[in-house]
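Before any comments, here is the structure.
Each reported figure results from applying straightforward, stated rules to the coordinates on display, with no laboratory input. The model shown is predicted, which means the values in this text are computed figures rather than measured ones. Methodologically, a virtual Cβ is constructed for each residue, glycine included, from the backbone with ideal geometry; neighbour enumeration extends over all protein chains shown.
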Amino acid sequence: MAQDDAVTADRVFGLCERGRFEMAHSLVDDAFVTRNGSFGYLVRARVFAYERRADRAREAVDWALAHAEPGDPDPPLLAGLVLLMLGDAHAALGLGLRVAADPREWRARVLVADSCRMLSRGPEAVAAARQAVLIAPREAEAHVALARALDLSLRPAARAERRAVVARAMELGAAPADVAGRRQWPRAAPALLVAALVLFADPPVLAGGVAVLVALAGWLWLLQARRSGSSGRGRLQTVRALARAELNGDPARARAVALTAGACLPVLPFAATGLVAASAADGAPWPLPAVLGVAAGAVVVLLAAARAVRWWYGDTFLQRDFLPSRHTVLQLTAVVALIGTAVALSAAQATSTALWSAVAVAHVLWFVVGMLIPFRALNRARRAGG
């Protein structure tokens, strides 16, 4: 790339920041793109991203990556920055992880940190940014990435560390706007809303509220995909490919995913035979066909969940990491024991309310403990990983 073209690119970006897109496009003409190849396409992609023309920007990114020289880290890193502008942090993370295979590439760690921060994956963002600072301690951009990643944490120690990182970034020439704190949307709000519905709403209201939340989440997913120049299906395939790629050669990541996937298993007996036991404890036992029906429904859901895990993460993860995991074995054993006990008591026509009360309490206890165990294991793993 000629020096004049680099100056032209800086001028183009300045014009875009002032909203003068017509003049910017006149500078990034076909001759400029042809002369600079991959870089030229990325400059054009960034102009489209500033202009909020996501489909054209993504097309230019695809052309840039197609014209990139094998082994050249600059095109995927610059493409990742454009994808972050478009709001597609998953695709940007995939490009960052590809280049991060080079232990000297601090810029790839910055891209990974910024992508994880946009995905609210705070610990991973901090870890990647710290690696960038370790590789390039005199680069302001690396310290800026760490400051932004620490902005996700609410711990007092992280706040104190962030102040020191911001001061160092400013010493190295970072602009105040680059390290300004950002308010994060409370992502626990949907979970709190669901909890409120479960505690206070009647069953029809609960079902309707959950349906509305699911529909809203789907609509937001499609909206975000369109804003990034992709489609809902294309975005889903990108996220699935990234999820599989992150597991390759990373046993710690695979174990964390196995814990997370198994954390929902206690819901099955609680929502199925837990209701059976609670009703029988109140002196109103369900008929055996109804008990068998909910037990069969739980088994169907369990098989569907296993199929979903296989579809999302692949056969290797299901057979090597998920099913043999001691936590998964424990969870499945508890599910079978609780459902089997309720079915057996119902088949034996047990009428002891004390016995059914004990079974109901067992369902509730495992619902709490079974979900608490994997989350505690995940927290221990995160603390051990720094």
With +1 at each Lys and Arg Cβ and -1 at each Asp and Glu Cβ, the charge dipole magnitude of the chain around its Cα centre, to the nearest 20 debye, comes out at 800 debye
Rounded to a whole number, the Stokes-Einstein D of region 199-318 in µm²/s (Kirkwood radius over Cα pairs; 20 °C; 1.002 mPa s) is 122 µm²/s
Expressed to one decimal in nm², the mean projection of the alpha carbon convex hull of the chain is 22.6 nm²
Longest principal axis of the chain (C-alpha) makes with the long axis of helix 140-150 (C-alpha) an angle, in degrees to the nearest 10, of 20 degrees
Label model pair Asp102, Ala337: point-to-point distance (7 angstrom along the Cα→beta-carbon line) in nm is 5.3 nm
Quick note, region 3-179: a/c under 1.5 would make it rounded; otherwise a/b > b/c is prolate and the rest oblate (a ≥ b ≥ c, C-alpha gyration tensor); here it is prolate
In a Gaussian network model of the chain with springs linking alpha carbons closer than 10 Å, the residue among Leu216, Leu242, Leu78 that fluctuates most is Leu216
With label points set 7 Å from each Cα along the Cα-to-Cβ direction at Arg159 and Asp30, the distance between them in nm comes to 5.8 nm
Among the Cα-Cα pairs of region 249-384, the proportion with separation greater than 18 Å, in percent, is 56 percent
Fewest-first ordering of Thr8, Thr260 by Cβ atoms within 10 Å yields Thr260, Thr8
Relative contact order as a percentage, the chain, C-alpha pairs under 8 Å and 6+ apart, gives 11 percent
Phi-derived 3J(HN,Hα) across region 115-128 with the Karplus relation (6.51, -1.76, 1.60, θ = phi - 60°), rounded Hz, x for Gly and Pro, is 5, 5, 5, 5, 8, 6, 9, x, x, 6, 5, 5, 4, 5
When Val12, Val361 are ranked with the fewest other C-beta atoms within 10 Å first, the list becomes Val361, Val12
Final fewest-first order of Val257, Val343, Val276 on the 10 Å Cβ neighbour count is Val343, Val257, Val276
